[in-house]
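Encoded as structure tokens, the structure appears first; notes follow it.
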Amino acid sequence: MKLNRIKTILSSVILGGLMVSCGPDKVGPDLKGASSSFNKNVSFSFNHVTSDPGEDVETETAEKINFSNNDEGFFTSNKFNEEVSWTITASGYGSGAVAQFSGTSDKITYDNSLWLYGRSSNVFFFQKKEFVKFELDIVGLDTTYIIDSVSVSKVRSWHKKEVNNIGYVVIDAFDSDAPSATSGMSATGPDHNDQDVMVSVTELNKVEGVSSLYLTGTDLNNNGWVGGRNHERLLELHEGLLIDSGIDEDELFFNIFIHGDSEIGNTTIEIKSYENEDTTFKTRADLKAYAAEETNTLTSAQQSSSDGWIYDIIVNWDGWKMVSVPYSKFRAANDPKTGAGGDRIKESGKICAISVNLLSYPTSGSEVSTYVDFMSITMGGRPQFKLK
Amino acid sequence: MNYKKSIIYSALSLGLTISGVAQSPQYSLNGLGRSIISNNNLSGASVKDATATQKANISGYNLFDLQTNLDVDSVFNAVAIFRTRSPFGTSFGSKTDFEFRQFSMGGNVNGLRYQLGDIRVELTPYTVFNADLAGTGFESDLFSERREILEYENFNDGNTWLLQGVSGQYAWNLGEESGLGLYAFTTRTASTNELSTPDRLLSGGRLEYALDKYITLGLNEVSLYDIAIASAEFDYNNNVVTGDFTYNRETEGALVGFKAEFGGSSYSYTDNVNDSTESYSDMTMDVDFDYTLKNQGLKLGFDFRRVGATFASPTAQSRRYVSSANPMLFSEVKGSVRGQQYFDQFTSEEVYNNSISTSLMAFNQYYNNLNPYGDATPNRMVFGLDAATDTSITAFEAGLALNYGMEIIGEGGSDLRSFMVAKGGGLIHIGNLLETNRLIDANAGVRFENTARSGSADVALSSLLIDFGLSGEIAKKVDLLAGVKYFQASGNEFIANRDGFNLVDGFTGYDIDVNEFIYSVGARIRFSEKQTFSLNYNMASFTDNNIDNSQLNIGQLFFNFTGKF
């Protein structure tokens, strides 16, 4: 193995040497500054593609941003009198989201400024009803061209969409304490023997939508668990058969945005998936039919004969961060009453519910606190919520 | 360990001889104690009406580093530095921190010198090297003593990096002043979170062959790589291999030295989140020729280096100074973060870095545009001429260096930047000239840099740094000290923004016209060679000429007692 490593190192360095003579002729993208004769009379606008995919492209100048019906937005300008390097920055006033596009050309068009799905360049998502400022900067010019206060009428919904062969299921955006019955986690479970436990949505800190889920408390009884939130009937994901069956456990990702504060030690978020392995259900249709009945739940008996899978995320960073965990990293729950009695085989099609829990871990007994937001599951790869 | 010196010499002279010596267990202590108090105030037109901005504070700390040295026998020894640190203003031990600052074990087994724990690593300027900051080289003692505090706190020792791992060294004496030496190390620079971040290891070494007492050949290799885990968000791998040749010869009237180093790097980074991989390779070469006139005490040098635009060597390109870090002293001015001034470069502990960065760290082009990442700065071809006095002259020291460089590949187009740096200065030991035992020194230095590029994105940036200092021993072991620094920068430049693959993905242009005048006066008492007390007053006055009423003054009364034993 070491010999292979040495061979790899030597061959790559030799290859590098050979490549010197045929390397790139410049570093980075084109950089062309405006000359003194540049015509500063620039028109600049934001547009949406209004036609459906496959049809002849139709566009309109947009007074509002709407990525709900149209995946594609883009910017346009008049033809400049010379080729220049430019950067367009879209900044959300409320969300803190920023998206950047740059290029070198004598005109800004669909081809060089396409904005897909309203994605941002940083961790924050653009929000519905917020105002966005578009700024066009041209290298060598003091002038910034601004389209200010364009409102976001609708944002893209990622739920049940497929992009680049990756399927998305939004579990909960944590925008309400009472999400719809068929999606979202509405049941809150505090540890009643702990102190000051709160599990509630809040508008104070969020990365997507109008709010996030705030989890806090002191693990007074030293059992490590402080509180959590879960699907109420523990069957909700089967009602819409949201997760396909047969997905490789390395290709199924549980994604959640978590806000960290490194000064609050021992904060850990635990994600748990529930599988329904009741052998009376022979097909997926049977599982769906059972889940569709509003009075049905994943009973204690079913849980004790099914698998529960757990993953713990120690929150040791500062600020918002998306954590993406493949199903293969989940470990089996060890409480026979809550999902340790299954076949210990991860079966994506049998995942019927999710819970998110706040733990005092690695050390129990601590005062812990964090925010979580926009939980999703992706099938076929990690999510691509952000501009590259 | 510092491997700037020959590993053959080091291993043969220390390792093999010690291996045969039996010794009884020995235990010794040494360390450092320091007490610092600073009384700071903020003034100037920019904060004249800023009633909500803090304009005065007092801060400082006491610390004591106790180093224990245990030599059980020649096979095993251990060193641990235990630190006690208490911020100024606390009492009865409250908020006092206790920590092991450094810990290592080592020894010699049949000639194999080994070390475990915190180890110092250095190879060559293109493989493993912690480059110095740019300056005139002739600054006042007042400023260099402040800088030494920062470097000590940041674990800087020469051009080494302090890392955690294991190293070993062995040499074979081939007779007739010929020898073969081998040095290898492995360290961990980042630990896994068992999910998205893999362990990152740094491994490398040097094979050195001394043909005779004049000629030495070396082969250096260093790899920084991730230990792959299935759920990792990225997979990083970077390798650097160089070979070097050294020739030193002494004639009747001169010393002749020739050094050359050639090599290449290969970089690979896989972004598992976005399912993309980037890899690239590049080369470097460096030739140095030195000629010392023994009778005149003058050393002349010529050097040439060429470093490819995508040459990647994180352990040689990581910077010890973080230009983007926010200083804690008056961290907020009128509701905004106070940007760094030149004064912070040698007075703020927060702006220093002691870890290896896989991406090229940001830098301020107006402080140093020619070689912000040391000699290994990518995309540079540099010619240099220098002259300096050697150590045989005791009355004065002087040096002059001229460097002309250019990019190899243009950034954003075919036009290339050119760089010109001239620096020089001198230190006169007036006490030696007057043949007194008193310390009377005067120093002056200057560094001028100019960057230019023509074409559609033209660049014209110049900067000037001037140093002046005086030291006078007015009574036995009591010195009066004075120092001045003047920094000025003006023009325009473009910052290259880099993506996660370390590749340039955009540019941000800016104009600059700033100057900063720093003066310091004070006194120092040298109780002994290792114990000093100093008290000085510093004033740093910064002005951004592109902004009205921008003057910002930081005044600081600085008390420092440092004792080593």
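Read the figures in this text as sums done on the coordinates, not as results from a lab. In this text, all values refer to a predicted model and were calculated from it rather than measured experimentally. Backbone-built Cβ (ideal geometry, glycine too); neighbour counts: all protein chains shown.
Quick notes on this structure:
- Cα-based radius of gyration for the protein assembly as shown, normalised by 2.2 N^0.38 Å, reads 1.07.
- GluC sites (Glu not before Pro) restricted to DSSP loop in segment B:139-192 with at most 14 other C-beta within 10 Å: B:Glu176, B:Glu177
- Residue-count net charge about B:Asp271 - beta-carbon cut-off 9 Å; Lys, Arg +1, Asp, Glu -1: -3
- Axis angle, to the nearest 10 degrees, between helix A:2-19 and the longest C-alpha principal axis of chain A: 20 degrees.
- A cut-off of 5 Å between modelled amide H atoms, ignoring neighbours fewer than 5 places along the same chain, links A:Leu141 with A:Ala34.
- Contour excess over end-to-end distance, with Cα ends at B:Met105 and B:Asn69 and 0.36 nm allotted per residue: 12.0 nm
- Amide N of segment B:358-394 lying under 11 Å from the label point, which is placed 7 angstrom from the Cα of B:Tyr404 along Cα→Cβ: B:383-385
- B:Asp548-B:Leu116 FRET efficiency (beta carbon distance; Förster radius 41 Å; 0.05 resolution): 0.10
- Inverse of mean 1/r across different Cα pairs in chain B, Kirkwood, Å: 26.0 Å
- Using R0 = 25 Å, the C-beta based FRET efficiency linking A:Ser157 and A:Met198 works out to 0.30.
- Relative contact order, percent, chain B [alpha-carbon distance under 8 Å, six or more residues apart]: 13 percent
- Net charge of neighbours whose Cβ lies under 12 Å from the Cβ of A:Lys107, counting Lys and Arg as +1 and Asp and Glu as -1: -3
- Note on A:Glu135 and A:Leu387: their simple-model spin labels are 1.4 nm apart, each label 7 Å out from Cα toward Cβ.
- The phi torsions of segment B:418-431, fed into the Karplus equation with coefficients 6.51, -1.76 and 1.60 and a -60° offset, translate into couplings of 10, 10, 9, 10, 10, 9, x, x, x, 9, 9, 8, 5, x Hz, rounded to whole numbers, with Gly and Pro shown as x.
- About its Cα centre, the dipole of chain B is roughly 1560 debye, where the only charges are +1 on Lys and Arg Cβ and -1 on Asp and Glu Cβ.
- Under 15 Å from the B:Phe76 label point (7 Å along Cα→beta-carbon), backbone N, segment B:86-112: B:104-110
- Charge dipole (debye, nearest 20) of segment A:229-347; +1 at Cβ of Lys and Arg, -1 at Cβ of Asp and Glu: 140 debye
- Within segment B:198-306, chymotrypsin sites (Phe, Trp or Tyr not before Pro) in DSSP loop having at most 15 other beta-carbon neighbours inside 10 Å: B:Tyr214
- Here the label points at B:Phe383 and B:Ala422, each 7 Å from Cα along the C-beta direction, are separated by 1.6 nm in the simple model.
- 4 °C / 1.567 mPa s Stokes-Einstein diffusion coefficient of segment B:243-315, Kirkwood radius on C-alpha pairs, µm²/s: 86 µm²/s
- Rg/Rh for segment B:313-358, where both radii come from Cα atoms and Rh is the Kirkwood radius: 1.06
- Label zone at A:Thr61 (point 7 Å along Cα-to-Cβ), backbone N below 12 Å, segment A:71-106: A:76-78
- Inverse of mean 1/r across different Cα pairs in chain A, Kirkwood, Å: 23.8 Å
- Environment charge at A:Pro179 (Cβ cut-off 12 Å; Lys +1, Arg +1, Asp -1, Glu -1): -4
- Computed P(r) (all Cα pairs; segment A:48-116; 10 Å bins; percent): 18, 46, 30, 5
- Gaussian network model of chain A, springs between alpha carbon atoms under 10 Å - residue of A:Ser366, A:Ser77, A:Ser36 with greatest fluctuation: A:Ser36
- Under 22 Å of direct C-alpha separation, and excluding same-chain neighbours fewer than eight residues apart, A:Lys288 reaches these lysines: A:Lys160, A:Lys161, A:Lys272, A:Lys346, A:Lys350.
- Annotation note: chymotrypsin sites (Phe, Trp or Tyr not before Pro) in segment A:242-321 located in DSSP loop regions with a Cβ neighbour count of at most 15 within 10 Å are A:Trp317.
- Using the Cβ-Cβ distance between A:Glu232 and B:Ser191 with R0 = 51 Å, the FRET efficiency computed as 1/(1 + (r/R0)^6) comes to roughly 0.85.
- Using the Stokes-Einstein relation with a Kirkwood hydrodynamic radius computed over Cα pairs, the translational diffusion coefficient of segment A:183-237 at 20 °C and a viscosity of 1.002 mPa s comes to 175 µm²/s.
- Segment A:Lys79-A:Ile264, length gained on full extension (0.36 nm per residue, minus Cα span): 61.2 nm
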